[in-house]
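A quick write-up on the structure given underneath.
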Amino acid sequence: MRFVKKLVILSICISPLIVSSQILQGKITSDGVEVPFANIIIKDSEVGVSSNKDGFYRFEKLKKGYHQIIISSLGMIKKKLDIDIKVGLNVIDIDLNTSVYNLDQVVVTGTKTFKRRTQSPVIVNVIDSRQLENVQACNLAEGLKFQPGLRVETDCQTCNYTQLRMNGLTGGYSQILINGRAIFSPLTGLYGMEQIPTNMIDRIEVVRGGGSSLYGSSAIGGIVNVITKIPTRNNYSLGYDYSIINGDTQDKVIYGNATVISDNKKSGATFFVNNRNRGLYDHNGDNFSELPSLKDNTFGATLFLLPSKNQKIEANLGSIHEYRYGGEMIDRVPHFSMQSEERVHDVLLGNLDYQINFNDSKSSFIAYLAAQQTNRTHYTGIRPEIGSADDIIHLENPPYGTSLNTTKQAGFQINHTISKFFGANVLTLGSEVVADDVMDEISTYNYVVDQKVVTHGVFFQSDWELTESFNLLSGARFDKHSLLDDIVVSPRLSFLYKLRKETQFRLTYSTGFRAPQAFDTDLHMAFSGGGVSRIILADDLKQERSKSLSASVNYDRATEEYVYGFTFEGFYTHLKDAFYQDLTGAPDSYGDIFVKRNGAGATVKGLTMEFRANLKQKVQLESGFTLQQSLYEEAVEYSENLPLMKEFLRSPDYYGYATLSYNPSAKLSFAANLVHTGAMSVLHLAGAPEQLEDEFLVSPVFNNIGIKSTYIQVLKESGLKIEYSVGVKNLTNDFQQEFDSSKNRDSNFIYGPSLPRTIYFGLTLKSI
């Protein structure tokens, strides 16, 4: 009996120790990637821990029973979990969702490996689908306007092709990727930014500065990586947008998405479809369009399969059909018009990726295939005086042309992590081959581009985290280009220093090159002075080289109530043997011939500033501003009738953007945005009745303001929510006012915002 009493007393004495000895541990992740330094606290207590650099957390003295834990991290939505702590070891892994204002997204473009933004030695800016919705962007071109250092411009009054300028450099200096693959070919680059609908885009990653060390030719100004939607859960959506352009022209878009995931989560597919129909718009009333008609049909799919725990297969497929017509607004075939361009594009694109992780996930192997084919029929012509002998010849042999462009890419990449050698070092080795074949022909003009280019590249990179605060990124790529005799070496070196978790300092040196081949804008024919101008390549054209230096500081402060931060980045790029267009080619009966030649060099330098803030997940502000200078070392000729000039044309010294959103409730939201474009030098060639001589002019300053309101109706019984939206693009109608008229207009004399005032309405049905 005495023994029993002693046992009871002993049990009572040690029971608190038993109760307090329960262990809770696990890993914090987001999108499958570890979240370091997340805060995990027990509600109504002072007990809390932080996850380590691998996302691992552990509590060792918890009481048995029910608890609520609160998990928070920079740029993540705070999560609350009710858990039942049992005797012994409790393992609970926690997945966090990114917040409306995500400061620490997982990015891949800067290093070709998955990294958190704050841990990447290279600055990567991200535009996600929510941001695209807030600015009512219906295609890639409209979405890219809202990033620092980026400017999207329209370069033809007739066909409205667009190009992207990064840090002051023209479109040919930037590389646009689809899912990390370089299949945005020369022909696709002319019109492709308008052909990629936003409902196929999950996010866009932007890396400013030289990227040839990983991506090869043309990645001098920077890289834009369009990442398509990835299947995550069963859902669907169907939407309709209606716009009226300056009270005159209709623009209608129908779009849909659907995702299906297997029950075991090991396979899935997401599908998208987009149809757009926009009419012709004539701003100055001369019966010649300033906006061409567009008819687009786009559809595609992304599929994934997980054969095992450590393997993944992903495939992306897409098809684009576009009809584009601009010029004299007539109801007959194009060659009866006084001046017009007609384009019919059929584009097929896709990629296939395979990845396997091994060696306890310290190593991975990735193999990929990608391809794009653009089949184009087109007309570019000016009709001679009706009834003349030249007119009869024109009608008998109108200048219709055909184009075929095929781009193929294949490669592999090996990643291996060394974790016990002065910190963690991710080593990357890869090789790829890119083949690009362009045939563009208009027999009437004796015009033909027949270009076959093959590039073999090998790249190596070391991403070395020497300490928790210091990271060294180094790498180089070796390219053998079929148009070059020698191997091109493109090294890169980046330093990252993290001062606490809020501040990062970065310094990057990189090199790049552009091969002497025909790029996007070289395939475009411009109207001027009653003729059709063309661009040819000089016989002695050699590659263009670049050296770039950038330095930045990034600061973000986050609490449960607010987030704010800023980024300052200085950039400097020197171009050697810079390309320019020389008007020394002998003109023929059809128009001027420009010759692309090598100049002495050029320098682009400037400062980019960003500011961001979010208050209580309700108010969000994001803005960016760029100051820059772009000059040739030696003055170049833009017109034989004008003095030489060192200044880059269409390159403003300052430009910027701002977006503001307010979400007073889960059902109602408001958004506003601004794109500011400073004054810039523009060339205006003679030919139109109102333009008797060539001249340089300075464009006005433009402030393009947009507003939007969205209301969400939730129908829980049917598992559906309905989104109603209304808004205005270019609210103040700050649009270019002076356009050339008649068939002899200078079609490149266009420099303002892409749209006048446009009112739109939207209706979207989504699954809950």
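FYI, it's all coordinate maths here, none of it is from the lab. This one's a predicted model, so the numbers in the text were calculated from it and none came from an experiment. For neighbour counting, all protein chains shown are included, and Cβ atoms are generated from backbone atoms with ideal geometry for every residue, glycine included.
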Please arrange Leu466, Leu144 by counting, for each residue, the other beta carbons lying within 10 Å of its beta carbon, fewest first. Leu466, Leu144
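So how do 677-684, 209-216, 243-250 stack up, highest first, on mean other-Cβ count within 10 Å? Don't jump to the answer; show the numbers that get you there.
Numbers: 677-684: 18.8, 209-216: 27.8, 243-250: 15.8.
In descending order of packing, they fall as 209-216, 677-684, 243-250.
I'd like the trypsin sites (Lys or Arg not before Pro) in region 203-248 restricted to DSSP loop residues with at most 16 other Cβ atoms within 10 Å, sorted by number. Before the final figure, lay out each step's value.
Values: sites: Arg203, Arg208, Lys229, Arg233; in loops: Lys229, Arg233.
Of the trypsin sites (Lys or Arg not before Pro), the ones in loops of region 203-248 whose Cβ has at most 16 other Cβ atoms within 10 Å are Arg233.
Compute the signed sum of charges (Lys and Arg +1, Asp and Glu -1) over the other residues within less than 13 Å, Cβ to Cβ, of Gln373. Show your work: numbers first, answer last.
Details: positive: Arg376, Lys408; negative: Asp346, Asp436, Asp437.
Around Gln373, the surrounding residues sum to -1.
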Between Val108 and Val619, what is the label-point separation in nm under the 7 Å Cα-to-beta-carbon projection? 3.7
For the chain, what does the alpha-carbon gyration tensor say about shape, rounded, prolate or oblate, given a ≥ b ≥ c as the root eigenvalues, a/c under 1.5 as rounded, and a/b over b/c as prolate? prolate
Gap separating the Cα centres of region 231-303 and region 700-739, nearest whole Å: 16
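Nearest 5 percent is fine: what portion of the DSSP beta bridges confined to region 107-235 is antiparallel? Mind dumping the intermediate values first?
Details: 20 of 25 bridges.
Just about 80 percent of them are antiparallel.
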Figure the gain on full extension for Asp82 and Gln629 (residue separation times 0.36 nm, minus the Cα-Cα span) and round it to one decimal in nm. 191.3 nm
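Calculate, in nm to one decimal, what Ser482 and Val458 gain on full extension: separation in residues at 0.36 nm each, minus their alpha carbon distance. Walk me through the numbers before you get to the answer.
Working: separation 24, 0.36 × 24 = 8.64 nm, distance 1.48 nm.
Answer, rounded to one decimal: 7.2 nm.
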Computed [θ] at 222 nm, deg cm²/dmol, the chain (DSSP H ≥ 4; -39,500 (n - 2.57); rounded to nearest 500): -2000 deg cm²/dmol
Where does helix 2-19 land angle-wise versus the long Cα axis of the chain, in degrees 0 to 90, nearest 10? 20
Tell me the net charge near Asn274. Cut-off is 14 Å between Cβ atoms, Asn274 excluded, with +1 for each Lys or Arg and -1 for each Asp or Glu. -1
Can you compute the label reach from Asn287? Point 7 Å from Cα along the Cβ direction, backbone N cut-off under 18 Å, restricted to region 323-338. 326-338
At 7 Å along the Cα-to-beta-carbon direction for both Tyr662 and His416, put a label point, then send me their distance in nm to one decimal. 5.7
Any idea what angle helix 186-195 forms with the longest principal axis of the chain, computed on alpha-carbon atoms, 0 to 90 degrees, nearest 10? 70
With a ≥ b ≥ c taken as the square roots of the eigenvalues of the C-alpha gyration tensor of region 211-329, please select rounded if a/c is under 1.5 and otherwise prolate if a/b is larger than b/c or oblate if it is not? oblate
Cα-based Rg then Dmax for region 554-643, in Å, read 22.3, 69
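Once fully extended, how much extra length lies between Gln25 and Leu395, figured as 0.36 nm per residue of separation less the alpha-carbon to alpha-carbon distance?
Numbers: separation 370, 0.36 × 370 = 133.20 nm, distance 7.93 nm.
So the extension gain works out to 125.3 nm.
Using a Förster distance of 56 angstrom, determine the FRET efficiency expected from the C-beta separation of Glu385 and Asp540, and round it to 0.05. The partial results should precede the final answer.
Working: r = 40 Å, r/R0 = 0.71.
The calculated FRET efficiency here is 0.90.
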Hey, with R₀ at 51 Å, roughly what FRET efficiency would Gln737 and Lys64 work out to, going by the Cβ-Cβ distance, to 0.05? 0.10
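Given R₀ = 45 Å, what would the calculated FRET efficiency be for Arg557 paired with Asn277, taking r from the Cβ atoms and rounding to 0.05?
Details: r = 47 Å, r/R0 = 1.03.
Computed FRET efficiency for Arg557 and Asn277: 0.45.
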